[in-house]
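Report on one structure; see the data block that follows.
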Amino acid sequence: MTEKSKGKQKDSPKAITRLVDKLTKEMLWMYILRLLQERPHYGYEIKQLIQERFGFSPATVSGYAIIYRLTKDGLIEEQRREDSPRKYYAITKKGSEAMSEAKEFLENTVGMVFDKTD
């Protein structure tokens, strides 16, 4: 979220603020999987990239909680590298399929909800 859109959100109805929260912080798993589509990343790096690329900053604990759930659900997998003590995470085939399904759902929803909106 850019500074301009943050300012715009402050002047917007509460419904818009809730929408932004729902589509960012509460849907954090999509942003994490999106980053992992590019290459494996470690936990703190994911948090930094979300802020840089998508313009919002999830709580560190939230990020790790989502990573744990994504791993548990088989959407990402933990990887170790010999040259680093860090845990890296990579998207799995199941995670890629979930992203495709989420994209289709969101495109259909946007089409239906905003079909009469310019």
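The values are calculated or read from the model by the stated rules, or taken from the named source; none is laboratory data. Note that the structure is a prediction, hence the values are computed from the model and not measured. All Cβ positions, even for glycine, are placed from backbone atoms using ideal geometry, and neighbour counts span all protein chains on display.
For segment 41-49, state whether one or more residues are charged (D, E, K, R), farther than 26 Å from ASP21 by Cβ and within 16 Å of the chain's Cα centre (by Cα). First the steps, then the outcome.
Applying the first criterion (charged (D, E, K, R)) to segment 41-49 yields 45, 47.
Then keep just the ones that are farther than 26 Å from ASP21 by Cβ; that gives none.
Within segment 41-49 (the criterion being charged (D, E, K, R), farther than 26 Å from ASP21 by Cβ and within 16 Å of the chain's Cα centre (by Cα)), the answer is no, since none of the residues qualifies.
Within the set of pairs 6+ apart or on separate chains, which have a first residue in segment 89-118 that is at pLDDT 95 or above, a second that is among the hydroxyl-bearing types (Ser, Thr, Tyr), and C-beta atoms under 9 Å apart?
TYR89/TYR42; TYR89/THR71
Look at segment 64-77 and say how many of its residues are surrounded by 13 or more Cβ atoms within 10 Å (Cβ to Cβ) and more than 15 Å from MET27 (Cα to Cα).
4
Among the residues of segment 47-59, write down those that are touching a helix residue (DSSP H, G or I) at 6+ places or on another chain (Cβ under 6 Å) and part of a helix (DSSP H, G or I).
Within segment 47-59, the subset touching a helix residue (DSSP H, G or I) at 6+ places or on another chain (Cβ under 6 Å) is 47, 49-50, 54, 57-58.
Correct list: LYS47, LEU49, ILE50, PHE54.
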